[in-house]
1. Mind checking which residues of segment A:124-180 are assigned to a helix (DSSP H, G or I), over 21 Å from the mean Cα position of the chain (by Cα), β-branched (Val, Ile, Thr) and more than 21 Å from residue A:192 (Cβ to Cβ)?
2. Determine whether segment A:36-51 contains at least one residue that is more than 26 Å from residue A:260 (Cα to Cα), in contact with a helix residue (DSSP H, G or I) (Cβ under 7 Å, 6 or more places away or on another chain) and modelled with pLDDT of 70 or more.
3. Which helices (runs of 4 or more DSSP H) sit wholly inside segment B:102-218 and have at least 3 residues that are over 19 Å from the mean Cα position of the chain (by Cα) and closer than 29 Å to residue B:282 by Cβ?
4. Just to be sure I understand the filter: pairs with C-beta atoms under 9 Å, separated by 6 or more residues or on different chains, first member in segment B:207-224 and over 19 Å from residue B:88 (Cβ atoms), second member among the aliphatic types (A, V, I, L, M) and not in a helix (DSSP H, G or I). Which pairs pass?
5. Could you pull out the residue among B:277, B:263, B:233 that is touching a helix residue (DSSP H, G or I) at 6+ places or on another chain (Cβ under 7 Å), at the interface with chain A (Cβ under 9 Å from one of its Cβ atoms), surrounded by 21 or more Cβ atoms within 10 Å (Cβ to Cβ) and among the small types (Gly, Ala, Ser)?
6. Mind checking whether some residue in segment B:136-144 is within 14 Å of chain A (Cβ to nearest Cβ), at pLDDT below 85 and farther than 30 Å from residue B:259 by Cβ?
7. Checking the structure you have, find out if any residue of segment B:62-72 is in a helix (DSSP H, G or I) and either within 23 Å of residue B:269 (Cα to Cα) or free of Cβ contacts under 8 Å to residues at least 40 places away in the same chain (or both).
8. For residue B:84, are the conditions met, namely being more than 14 Å from residue B:159 (Cα to Cα), within 14 Å of chain A (Cβ to nearest Cβ) and among the β-branched types (Val, Ile, Thr)?
Amino acid sequence: MILRYTLQRLMMLIPVSFAISVVIFMIVYLLPGDPIDNLLRVGSSAEDRAALIARYGLDRPLLVQYFVWVGNMFQGEFGEAIVLRRPVADLVVQNLPYSLTLGGLAFLFSSIVGMALGAISAVVRNPVLDRFVRGFILLGSTVPGFWLALLLILFFSVNLGWFPVSGAGGWKALVLPVLTIGFGGVALVARVTRVALLDAGREDFVTLLHAKGLSSGTILFRHLMPHALLPVVTILALRIGWILGGAVTVEFVFGRPGLGSLLIRSLGQRDYPVVQACLLMLALAVMLGTLIGDVAQASMDPRIREKKS
Amino acid sequence: MKVSGMAARSLDAFARMSIGRAFASGVGMVAGGFLVLLVLVAVFAPWIAPFDYADQNLMNANAAPAWPHLLGTDEFGRDVLSRVIYGARTSLSVSATAIGISMAAGMTLGAAAGYFGGMFERVVMTVVDLTWSFPDILLALIFVAILGPGLTSTTFAIAIAYLAQFTRLTRAQIVRLKRETFIEATINLGAKPSHILLKHLMPNAIAPVIVVGILAIGDGIVLEATLGFFGLGAQPPTPSWGAMMSSGTAQLFLSPWVIIFPGVAVAVTVIAVNLFGDELIRALDIRDRLRGA
């Protein structure tokens, strides 16, 4: 059943990926200026120009050009970076692991710390703690990520000298970027966990468990937590896109290698083959993240499987 | 009945009903008061700012906050306070314009999709759901890549980033309202679709959309600042909160005030927008209607 659901969701991704690839393909066509003019030497004839246009396949209909481009993408042929003068595929392969590490750690950080905080605030039920968590959520969802990153650098790197200001050498360089991205996520996950736990705690079966004489700890971890997990997984699945968006900003601020910083740098230099490849990879990551989230959700809750299939 | 008159009337009712009530609470008054003050500061920037935003004084570059430069000076000796004040103009106007465009387009698309349904609805909602799952910064970057850096493309990028939100919300409202008895009665009385849509459906659907619009202005400010920080938004010497922080990073160790104060401006503004929006939601009692979309 879950396999069928996964396949259905995969099929739904086909039109989505098609639309996204068209938009990204169009970037180059909507740009002011003709790339051929940059390649021509001064004093070239009209024939030279036509030859160049034919060489890059620009004389063919737009639709054909699009399919050629998509075909190349599927084979990992992203073309040549104009400014960096290297195959784009190399750049992507080089930068991707850094983004994956950062995103993965930020995801783990916000889920583990968020769930722990949420559980604590649900069990303790302290109004002061509640207020603290609420304020944290407001800050986490409103403060711009890059500014938080700069403040963390200022405090921990410049004043205290605990962590490096930028770069990607060793685990120490990961601490501040992960904190920056995870900040908003922790608060959100904590709130959802807390509400879910409190809701689950009101169910009749919990009263029964108490009546059976089980300890509060057993009830919390063995019975309530699994119950509360569904909304948490939902919110975490939604966070995948957020984390990627955050990674773009944070990589740039910390001068870390990665798809995000490559994208921003290439946008500034108008290195469009690189921009296209980066956007395509990030879009793909968002779609896969959403897919994994949906499948995880469906595997936990039969109602979702039924509704959509 | 003229559309503009109708819209004005329902907006008027909206304003009377809710804005007053949102201001009535303590949090709402502080947050709303701050926002009113900020708009005034942005409008009257030339008279309020102690210095011109572009006046350079290299002899006094990177000066710490002190009289007469209350928030210090940047790498060119420009007054940070004056630039933050003028930056409010850029940030508020870009974000408000972008959200205005986004709201108008989203309401039109959403209302049409919700009312007419069919193939049109399916196409619109497929495209909208497609952009819905993407983080706003990624959408904005795609469109800045197409349109090139600058404030105009920033405005459009922000408008596109939030289009899905308004379309979905408006459609959900219209679909819900279409089932109400009074709409059925109006249809049976033989009213034209345009009459039903503009006179009966939209006035009832507009409140949650406006509240989400106000909240989105906060998100738009953050997005504008982020694009500005990447150097893709406002170009020098135009002061924008994001662009100021971008040029400030090079002097992070030397003059942290250049990035601290514009950031505080962004953070405080966005928090105020969020708190005020929450008060509006409470005052209008529309939390459930927002959740439906």
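1. Correct list: A:153, A:158.
2. First pass over segment A:36-51, keeping only residues more than 26 Å from residue A:260 (Cα to Cα): A:36-51.
Filter once more, so that each one left must be in contact with a helix residue (DSSP H, G or I) (Cβ under 7 Å, 6 or more places away or on another chain): A:36, A:39-40, A:49.
So of that shortlist, the ones also modelled with pLDDT of 70 or more come out as A:49.
So far as segment A:36-51 goes, yes, one or more of its residues are more than 26 Å from residue A:260 (Cα to Cα), in contact with a helix residue (DSSP H, G or I) (Cβ under 7 Å, 6 or more places away or on another chain) and modelled with pLDDT of 70 or more.
3. B:163-178, B:181-188
4. B:207/B:286; B:208/B:286; B:208/B:293; B:211/B:286; B:212/B:293
5. Numbers: B:277 fails: at the interface with chain A (Cβ under 9 Å from one of its Cβ atoms); B:233 fails: at the interface with chain A (Cβ under 9 Å from one of its Cβ atoms).
On inspection, the qualifying residue turns out to be B:263.
6. Looking for residues that are within 14 Å of chain A (Cβ to nearest Cβ), at pLDDT below 85 and farther than 30 Å from residue B:259 by Cβ, one finds none in segment B:136-144, hence no.
7. There is no residue in segment B:62-72 that is in a helix (DSSP H, G or I) and either within 23 Å of residue B:269 (Cα to Cα) or free of Cβ contacts under 8 Å to residues at least 40 places away in the same chain (or both).
8. Judged against the criteria, residue B:84 is a match.
The values are calculated or read from the model by the stated rules, or taken from the named source; none is laboratory data. None of these values were measured; they are calculated from a predicted model. For neighbour counting, all protein chains shown are included, and Cβ atoms are generated from backbone atoms with ideal geometry for every residue, glycine included.
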